[in-house]
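The values are calculated or read from the model by the stated rules, or taken from the named source; none is laboratory data. Quantities reported herein were computed from a predicted structural model and do not represent experimental measurements. When we count neighbours, we look across all protein chains shown, and the Cβ atoms used for this are built from the backbone with ideal geometry, even at glycine.
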């Protein structure tokens, strides 16, 4: 268990929780994580059927977001009401070194990639537009429109994976965690609502549903990028 002082938005969450406290279905209250998996599994079957029918990504992506919504919303609620100090732990010297080393290597790789990409874009603009400024701006806009959807997908993937990492450290992978770092003050007077939210905020459930949204968003990004070039 973890105690914690109130954080911003706690009163609003408690007022909303009081309205939901008496209406939670019994099965959802007793098995919140299993309920989340059932919700995700049912919509995943629908997504598979739509894939067989070759439905457009514009139809499948919103459905995948609906499938991931319970786990993601519960995760955001838990993380928004958990002080950052609850994530702190004593790190070994070796762990500290490797985390900083990997961070440095990642920064170097990203910097080198940005330099190469910038040079490639400059060469492409010079080859396509020549000395025509308007043509250069049109070409630059096409490149920007091509890259932007993939950048959005990368940021979405970073959000999902980061939330999964935080949840794993806060509550572990158990459906009903007996030991956790979630503040005891979170919906302390609303045990049914607290149980549902903590159960739905499961790192495995968020990871599975989030990966489906990432894959479908990649497909949609590809379609949008191709449309921008055509």
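Below is a table of values for the structure above.
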{"quantity": "Residue in segment 78-93 that is out of contact with any strand residue (DSSP E or B) (no Cβ under 9 Å at 6 or more places or on another chain), in a helix (DSSP H, G or I), at pLDDT 95 or above and closer than 24 Å to residue 192 by Cα present", "calculated": "no"}
{"quantity": "Test: residue 109 is closer than 24 Å to residue 211 by Cβ, at pLDDT 85 or above, in a helix (DSSP H, G or I) and touching a helix residue (DSSP H, G or I) at 6+ places or on another chain (Cβ under 8 Å)", "calculated": "no"}
{"quantity": "Which numbered condition residue 39 misses (of (1) farther than 17 Å from residue 211 by Cβ; (2) buried (at least 16 other Cβ atoms within 10 Å of the Cβ); (3) at pLDDT 95 or above)", "calculated": "(1)"}
{"quantity": "Unmet requirement for residue 75, which otherwise passes all of (1) modelled with pLDDT of 85 or more; (2) closer than 19 Å to residue 177 by Cβ; (3) over 22 Å from the mean Cα position of the chain (by Cα)", "calculated": "(3)"}
{"quantity": "Residue match in segment 189-200 (condition: surrounded by fewer than 20 Cβ atoms within 10 Å (Cβ to Cβ), within 21 Å of the chain's Cα centre (by Cα), in a helix (DSSP H, G or I) and at pLDDT 90 or above)", "calculated": "no"}
{"quantity": "In segment 20-36, the residues that are touching a helix residue (DSSP H, G or I) at 6+ places or on another chain (Cβ under 6 Å) and in a helix (DSSP H, G or I)", "calculated": "20, 21, 28, 29, 32, 33, 35, 36"}
{"quantity": "Set 183, 203, 149: member being in contact (Cβ under 8 Å) with a residue 24 or more places away in the chain and touching a strand residue (DSSP E or B) at 6+ places or on another chain (Cβ under 6 Å)", "calculated": "183"}
{"quantity": "Flag if residue 222 is within 22 Å of the chain's Cα centre (by Cα), in a helix (DSSP H, G or I) and surrounded by fewer than 19 Cβ atoms within 10 Å (Cβ to Cβ)", "calculated": "yes"}
{"quantity": "Given (1) closer than 27 Å to residue 153 by Cβ; (2) at pLDDT below 90, index of the condition residue 101 fails", "calculated": "(1)"}
